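Written out below as structure tokens is the structure these notes cover.
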Amino acid sequence: MAASVYGAETSAAAAADLERTAFRRAEKKYKLYKSPLPKSRKKITVTKPTLDLAEVIDFRGAINESPPYRMGVIKVDCSDFDRPVFGLSDHPGFYFIPNALSIEEQCHWIGESLQSFPQPPNRTNLTPFYGPIYDLFGAAKRLQVFSNLENPGNYQGDSQKETMDSCKHPPIPATKLLRKLRWSTLGLQFDWSMRNYNVSLPHNKIPEGLCKLAKKMASPAMSKGEEFRPEAAIVNYYGPSDMLGGHVDDMEADWSRPIVSISLGCKAVFLLGGKTREDDPIAMYVRSGDIVLMAGEARECFHGVPRIFIDEESAEIDSLATQFTSKDEKFILDYIRNSRININIRQVN
Ligand SMILES: O=C(O)CCC(=O)C(=O)O
Ligand SMILES: [Fe+2]
């Protein structure tokens with residue numbers, strides 16, 4: 001799993017080594033460079049490199065083109081699938097389904113990702129620090145302040161004569177916590193400290209609708225007569241400067257089964273590398289409603305998300321934005337205008 005998002009510590013030497021790889025160079029090429037804080041007195045000159053997007057593959061463009069496609073793009077022959085599916089000539093097991101979800105479906109899954117998916121027993125990146133939080137999104141919408149959240153990390157047991165107060169966090173606005181939400185896990189819960197699925201953690205099954213969608217969308221990557229079994233999902237929430245470092249997802253038993261990866265919200269650059277970080281990755285746009293499948297050999301490939309685009313022109317969420325009209329949905333719209341959500345669904349066993 002990716003160290004930069006999931007919190008694993010990297011030693012200075014290991015970090016320096018990472019800097020030298022082809023994957024890291026591509027990440028640096030596409031990542032967002034922040035300018036120094038206006039308040040800072042220091043004269044830090046940050047030269048913002050001009051972003052060259054010429055080598056980023058646009059699979060949506062391929063829908064309206066005819067073969068031969070550019071940049072190694074191929075059309076995958078899926079006669080029993082109801083929309084175009086593309087692949088990459090030197091990446092067997094990689095599939096790209098542009099525009100896989102309708103606008104209504106995108107809105108539905110954005111709503112679920114914010115309102116239902118972070119609810120206990122599902123765990124989130126906030127759980128180890130704040131314990132289970134119910135209705136985080138509703139609380140943020142109501143501009144509530146949490147004044148009673150536990151600090152499980154501080155609790156040292158009764159013998160330490162801890163007062164209950166030292167196990168509580170100071171009051172914190174729900175909007176602030178929502179902005180700190182980076183992932184939630186559905187179905188079998190992934191335990192990042194063990195780097196594996198912990199089947200003893202309480203969990204709900206993957207919601208029926210998501211299960212159905214994943215089974216349907218997985219079919220281009222499945223052998224005839226076989227059906228994908230969605231058992232776990234990771235929901236990633238990306239803010240404006242968040243990225244997901246290069247990684248391989250290797251904790252599932254059968255790599256012939258795809259990871260079904262759904263993009264929602266702002267457009268992003270997705271990098272698909274090779275089996276080592278030394279291989280030059282291929283960059284592609286992932287937009288709201290696109291689905292990526294990684295199965296077989298493609299599952300052994302490093303991949304990551306170095307950049308999301310939040311400026312109005314590049315984010316490409318205009319049609320999505322027109323759907324969130326009610327006062328209630330305005331809060332969702334405000335969130336998604338500068339965020340990307342990714343739901344990736346896996347068969348674990
Ligand atoms: O956000 C994405 O598109 C990729 C997510 C991913 O690779 C992961 O969660 O393992
Ligand atoms: Fe991944």
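The values are calculated or read from the model by the stated rules, or taken from the named source; none is laboratory data. Keep in mind that what you see is a predicted model, and the values were worked out from it rather than measured. Positions of Cβ are generated from backbone atoms using ideal geometry, with glycine treated the same way; all protein chains shown enter the neighbour counts. For the accessible areas, the whole protein counts, side chains as well, though only heavy atoms, and no ligand, DNA or RNA atoms are used. Shrake-Rupley method; radii C 1.70, N 1.55, O 1.52, S 1.80 Å.
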(message) What pairs come out if I take residues in segment 322-341 that are of a type in the set (D, E) and pair them with residues that are surrounded by fewer than 18 Cβ atoms within 10 Å (Cβ to Cβ) and not in a helix (DSSP H, G or I) whose C-beta lies under 9 Å away, six or more apart or interchain?
(response) E329/Q323
(request) Scan segment 296-313 for residues that are within 15 Å of ligand 2 (Cβ to nearest atom), β-branched (V, I, T) and open to solvent by 10 Å² or more (accessible area, probe 1.4 Å) and report the count. (result) 0
(request) Would you please name the residue that is modelled with the lowest pLDDT, looking only at residues in segment 136-174 that are assigned to a loop (DSSP other than H, G, I, E, B) and among the polar types (S, T, N, Q)? (result) Q156
(message) Could you list, ordered by first residue, the pairs with Cβ atoms under 7 Å in which the first is in segment 232-245 and more than 10 Å from ligand 1 (Cβ to nearest atom) and the second is in a strand (DSSP E or B) and open to solvent by 10 Å² or more (accessible area, probe 1.4 Å), at least 6 apart or interchain?
(response) A232/Y197
(request) Counting only residues that are modelled with pLDDT of 95 or more and not polar (S, T, N, Q), give me the helices (runs of 4 or more DSSP H) lying completely in segment 34-132 with at least 3 of them. (result) 103-115
(request) Could you grab the pairs with beta carbons closer than 8 Å, sequence gap of 6+ or different chains, first residue in segment 1-28 and at pLDDT below 95, second one assigned to a helix (DSSP H, G or I) and more than 16 Å from ligand 2 (Cβ to nearest atom)? (result) T10/L18; L18/R24
(request) Those residues that are open to solvent by 90 Å² or more (accessible area, probe 1.4 Å) and in a helix (DSSP H, G or I), I need them from segment 181-219; list them, please. (result) E208, K212
(request) Among the numbered conditions (1) surrounded by fewer than 20 Cβ atoms within 10 Å (Cβ to Cβ); (2) among the basic types (K, R); (3) under 13 Å from C107 (Cα atoms), tell me where K327 comes up short. (result) (3)
(message) I need the full set of residues from segment 280-295 which are open to solvent by 30 Å² or more (accessible area, probe 1.4 Å) and within 16 Å of ligand 2 (Cβ to nearest atom), in order please.
(response) I282
(message) Can you find a residue that is within 16 Å of ligand 1 (Cβ to nearest atom) and within 18 Å of I262 (Cα to Cα) anywhere in segment 196-203?
(response) no
